[in-house]
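Down below is the structure, laid out as structure tokens.
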Amino acid sequence: TPPADPAARARIAAWQFEDAVGDRMVKEYPSDSAAREAYCSLVRAEKLYNRGLIVLIALSATELPHWCAIGPDLFAAVRPQEQCTIPGVGQEQVLLSNVPYMPPGWGILVELLVMLVILRKVYLEWRLQTKHFAPLNIQYVNLRFSKVVLVLVLLEVIDCVAFALYRPPFRLAFLSKTGYLFLLPGVQGMLACFSAVIMEFISIAAFLVGTIVFFAWISLLTFQDDTDLYRGKPVNKGLDTFSNAIDTMFVSGTTDSFLQRFLPTYTVYRSSGFLWLAFLVVVHVLLLSLVLDTLVSAYTTFSEHQEHHAFQEKLHGVSIAFNTLLGHRAPHGDNGGCGGHGEKDGQGHEHGEGHGHSEGHCGHGMDAEDSEGPLLFLSKDAFVSFSREYGHMPRNSAITDSMACDVFDVADREQANAISLKEFLSACRLLQYNLFNTRKYSPLQQLCPALWCSDGFQWFKEQVDGEAKRFDAFMNCVLLFNFSLVIVETVYDLHNWPETPLLENLELIFSLVYVAEVASRLGVYSWPQYWALGSNRFDLVTTILLLVSSVLESVDSEEQQEEAASKAHHQGIGGTKDTSGGVVSRYMNILRLMRLFRMLKQIKRLKSVQFMFNTVIKLVLGSQHILMTLGCVVFFFTSLSVQLWGGILYESNPKLEETEWKESKWYALNFNDFLMAFGSWFVSLLSEYLPEFTEAISMASNISGSWLIFPLFYIFGVMIVFELVMAFTIEMFVQLSNKRVEEEKHGPRPFKPLVLLERCFFEKGIGFHYQLLGKDEFEEED
């Protein structure tokens, strides 16, 4: 039962709504303010914890590889050219990423500091659960994960101490870092999804493996004793032993390298083409596609079910928060109250229709009372208190009381000074936005009223702020003319023609015109109003860059003239030729590209471009969990490979003779440090499977069987996670395309309360701005 104190009810309701959005609802919440403060402290600690994980990842990318020599002074500056050496090998063959490495001592201190942040988060989780939720017999925090984190921290502490004392060539801290990443809630959700679909994947994958083994056995029996040669090499290379035959069949069945594997036998024995044709059709065309299709289908079915269930739970959470604010026990399992609205009187009571059973999107828990009783309504004061408490939470943006009143007014469709449950849902959707208003017009309105009210200034204000936006049209013409100038300059640069003084002066003139544009807008709008729009921020930054580019180009031109005169003087008196050029000239081509940024503003006006921009943004927001999981997988394999294979792949390594890695000159694709290894794994991810790495590691590594890491990466990183990323991208794009087609047929479906709120501030002459914080969790309710 909700507490009697309205402030406590608002506090609990805000907590319930935030947990509903975050899929973390529980049946009961503590009513004391200390529990709420403990929760807010935990949220702040989680933010710091996430930043600490980013620091650990950055530390992994900048730490000295452990195969390099580490001196007695852990805090001494790192010299990779002296410490990362291979006996008897020139330093030019030891290819590193050339990023500055952090001294190991400072790295250990950073790790220990981050571990303190992690321990603080674990302590706050334990305190919140044991002190505030355990007495209610509610599990709000899973302390099993906290115990796992403690084990990981202990492992990392032991590793840091052992490294500081004994300098071992192999460290285990990367296991703790990987564990922290895999315990993130988003990654845990994806792992739960994988565990739900993995059995369907294994069933068809086992059939794929069996087929590969069968064809490997057939090919071994056929070519094992063959002694013919193909271009000086045995025709049965890769088919002479059972293990080699399995490797050949695996590579040929999963990658595009089957041609070079089957070409020798096909050239000498044309009839073998029937065997390879059957293999490629069964494995490469049918089974491999079937494995991926099975995985994608299972994931899509599971994710759709989870999304529908989560949406229903969110609606139920809103119903619970609504009833908590009213001081009523929330109903469970009732599907009503989302139907039409009757008429409300001044006290918020409703007459007529609207309290029957409702079907459709509303789901369970959207009824404020039993279906046979009257609907209840929430007062403005209660909603303002709720909004204030919700805005105080660390994850949310602050909401002023005046903005909360405005949100309430637009949600209250019948202006009865009370809102129903469905109207409360609309108001809660608005609270997911960062809503703020600004003073719209320039201080000139108060400082110089005579100038502001003059006919000339009002005419100019109408050009800038009017519906026609004639000032924008004028600047568009200027942009097009500037774009033509950029094309002309590019032609001059490609042909090494000297630019005319007119072109050089026009560059500076255009930059000053863009500065005047910014000043003109600031003459009409206030600075907060101007800066609140992303397009204006974009314009201001590019304008500054363009002005700096033009000024630097003018300075560089003068330097080049002085340099040419100096060269002529030295050559005339027999001096040496000065080959140094102007430093600024090296960056002029890059700075010239800044001019093209202004054209992006006009490109964004095209509907197709807007669709692509919105698609990319929604893809990034929607796929952040699965991309995070992919990043965790790549991080683990990257860190492990540096530990195992750092310093063994280089050009003159005799063990790599006649390997495809060396013949292809893949010297830069190695595992000498974190960033180099990351590049190698990223290439493997996009190429699905690279047998060149497997062969090189099997020949160069002293660790027997370490080459098996590449097939494991192919299975977990490519076939499962990366394929799901692509499947998600395709599915999301299809959904957005279908939505776009529907909007073109029937018109867009804007969120009406947001439109009303924007119109309300427009009529008052106040600037109104909003930004969706993450994802609109209740968009489906439309």
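Some values worked out for this structure:
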quantity	calculated
Segments 716-723, 291-298 sorted - mean Cβ within 10 Å per residue, highest first	716-723, 291-298
FRET efficiency, residue 300 to residue 271 (Cβ-Cβ, R0 56 Å, nearest 0.05)	0.85
Span from the segment 724-746 Cα centroid across to the segment 106-153 one, whole angstrom	40 Å
Cβ-defined net charge surrounding residue 56, 15 Å radius [Lys, Arg +1; Asp, Glu -1]	0
Heavy-atom accessible surface of the chain: percent carbon and sulfur, 1.4 Å	62 percent
C-alpha center-to-center spacing [segment 1-69, segment 380-397] in angstrom	17 Å
Residue 281-residue 473 FRET efficiency (beta carbon distance; Förster radius 45 Å; 0.05 resolution)	0.15
GluC sites (Glu not before Pro) within segment 670-721: DSSP coil, no more than 11 neighbouring Cβ in 10 Å	none
Label-point separation in nm, residue 541 to residue 729, each point 7 Å along Cα→Cβ	2.4 nm
Long-range HN-HN contacts of residue 102 with modeled amide H, under 5 Å	63, 64
Full-stretch length increase - residue 166, residue 33 - with 0.36 nm per residue and alpha-carbon distance subtracted	42.9 nm
Members of 27/380; 314/739; 27/131; 380/469 lying beyond 28 Å, as alpha-carbon distances in this model show	380/469
Antiparallel %, DSSP beta bridges [both residues in the chain], to 5	95 percent
Relative contact order [Cα under 8 Å, 6+ residues apart], segment 15-134, whole percent	39 percent
Shape of segment 379-441, Cα gyration tensor, a/c cut at 1.5	oblate
Filtered chymotrypsin sites (Phe, Trp or Tyr not before Pro), segment 220-327: DSSP coil and at most 12 other beta carbons within 10 Å	none
Over the chain: helical MRE at 222 nm, DSSP H runs n ≥ 4 each giving -39500 (n - 2.57), nearest 500	-20500 deg cm²/dmol
Förster radius 25 Å - calculated FRET efficiency between residue 434 and residue 116 (Cβ-Cβ, nearest 0.05)	0.20
Hz values of 3J(HN,Hα) by residue in segment 202-211 - Karplus curve (6.51, -1.76, 1.60), Gly and Pro given as x	5, 4, 7, 5, 4, 5, 5, 5, x, 5
Segment 445-494: GluC sites (Glu not before Pro) in DSSP coil with no more than 12 other Cβ atoms inside 10 Å	467
Residue-count net charge about residue 288 - beta-carbon cut-off 11 Å; Lys, Arg +1, Asp, Glu -1	-3
The chain, relative contact order [Cα under 8 Å, separation at least 6], %	15 percent
Near-label residues of segment 51-79 by backbone N, under 17 Å of a point 7 Å along Cα→Cβ of residue 706	65-69
Rel. contact order, % - alpha carbon contacts under 8 angstrom, at least six apart, segment 185-282	20 percent
Whole-Å distance, taken between Cα centres, linking segment 190-269 and segment 691-717	16 Å
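The values are calculated or read from the model by the stated rules, or taken from the named source; none is laboratory data. Please read all numbers here as calculations on a predicted model, not as lab measurements. Note that each Cβ is placed from the backbone with ideal geometry, even for glycine, and that neighbours are counted across all protein chains shown. Heads up: the accessible areas ignore ligands, DNA and RNA and are worked out on the full protein's heavy atoms, side chains in. Shrake-Rupley method; radii C 1.70, N 1.55, O 1.52, S 1.80 Å.
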